[in-house]
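The values are calculated or read from the model by the stated rules, or taken from the named source; none is laboratory data. Predicted model, so just to flag it, every value in this text is computed and none were measured. All Cβ positions, glycine included, derive from the backbone under ideal geometry; neighbour counts span all protein chains shown. The accessibility values were calculated without ligands, DNA or RNA, using every heavy atom of the protein model including side chains. Shrake-Rupley method; radii C 1.70, N 1.55, O 1.52, S 1.80 Å.
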Amino acid sequence: MNAQTERLTLTGAAGAIEAARDAAADGVPSRGVAVIAHPHPLFGGTMDNKVVQTLARAFVACGWTAVRFNFRGVGGTAGVHDEGRGELEDLLVVVRQVAPEGSGAVPIALAGFSFGAFVTSHALARLWGERAVERAVLVGTAASRFKVADVPAEAHLRTLVVHGEADDTVPLSAVMDWARPQTLPVTVVPGGGHFFHGQLPLLKGLVMRHLQSAP
């Protein structure tokens with residue numbers, strides 16, 4: 001994202017995981033570490049996707065260290081695409097390495113876009129009973145293509161779900177069908193497409209407002 005972006009090589013089950021870390025903005029009290037997941041690897045998704053970078057910028061502006069990473073088989077990350085199973089393990093191992101548990105553990109946040117939101121939903125469900133997840137952000141959640149995990153009821157107020165009204169990759173109706181049984185609110189961007197072209201500043205603002213709100 002900028003000259004201060006730190007490139008990392010982490011270790012996952014399939015081998016090396018390529019990642020990038022951006023520290024919280026100067027003068028902003030540190031709030032923890034946010035791990036952000038990218039869209040589908042087989043359709044060009046990488047940690048440098050514009051929506052993923054927008055999420056990272058929002059977290060950094062609000063005092064979080066943002067860590068983006070490439071799923072297996074993408075860029076410098078070893079392995080091959082695993083339809084979400086291995087990718088979930090990738091995400092969880094990134095969390096463990098950039099925000100270890102134990103004495104002095106820092107707060108964590110999770111975010112994802114499209115396929116990455118699907119994987120993030122399962123990471124949230126897996127981690128929720130183990131450690132505190134302060135914030136979660138799911139954007140363009142791929143509910144029409146994958147079985148997205150339910151958001152734990154206690155995590156609803158800490159979770160922001162954003163979807164474009166005119167998303168032709170993942171229809172809004174699919175996300176509403178997933179959210180409705182949970183009574184999970186969905187923030188709809190009028191006229192927004194899957195990649196939020198021309199609306200990334202609005203997306204950043206929505207995420208920042210969520211991060212700055214009371215839990």
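Some observations on this one:
- Boolean, ARG135 is open to solvent by 50 Å² or more (accessible area, probe 1.4 Å) and in contact (Cβ under 8 Å) with a residue 12 or more places away in the chain: no
- When residues of the stretch 139-193 are limited to those that are among the basic types (Lys, Arg) and farther than 24 Å from GLU83 by Cα, the one surrounded by the most Cβ atoms within 10 Å (Cβ to Cβ): ARG158
- Residues in the stretch 24-41 that are touching a helix residue (DSSP H, G or I) at 6+ places or on another chain (Cβ under 9 Å) and open to solvent by 70 Å² or more (accessible area, probe 1.4 Å): ARG31 only.
- Annotation note: of VAL52, VAL67, the sole residue that is buried (at least 21 other Cβ atoms within 10 Å of the Cβ), free of Cβ contacts under 8 Å to residues at least 60 places away in the same chain and within 13 Å of the chain's Cα centre (by Cα) is VAL67.
- Which numbered condition GLU18 fails, given (1) open to solvent by 10 Å² or more (accessible area, probe 1.4 Å); (2) farther than 26 Å from GLU101 by Cα; (3) not basic (Lys, Arg): (2)
- So THR77, is it modelled with pLDDT of 95 or more, over 16 Å from ALA117 (Cβ atoms), open to solvent by less than 20 Å² (accessible area, probe 1.4 Å) and not aliphatic (A, V, I, L, M): yes
- ASP26 falls short on exactly one of the conditions (1) over 27 Å from HIS197 (Cβ atoms); (2) in contact (Cβ under 8 Å) with a residue 60 or more places away in the chain, and that condition is (2).
- Residues that are among the charged types (D, E, K, R) number at least 2 in the following strands (runs of 3 or more DSSP E) confined to the stretch 1-98: 6-12, 15-22.
- Reported count of residues in the stretch 80-104, each being surrounded by fewer than 19 Cβ atoms within 10 Å (Cβ to Cβ) and touching a strand residue (DSSP E or B) at 6+ places or on another chain (Cβ under 6 Å), is 2.
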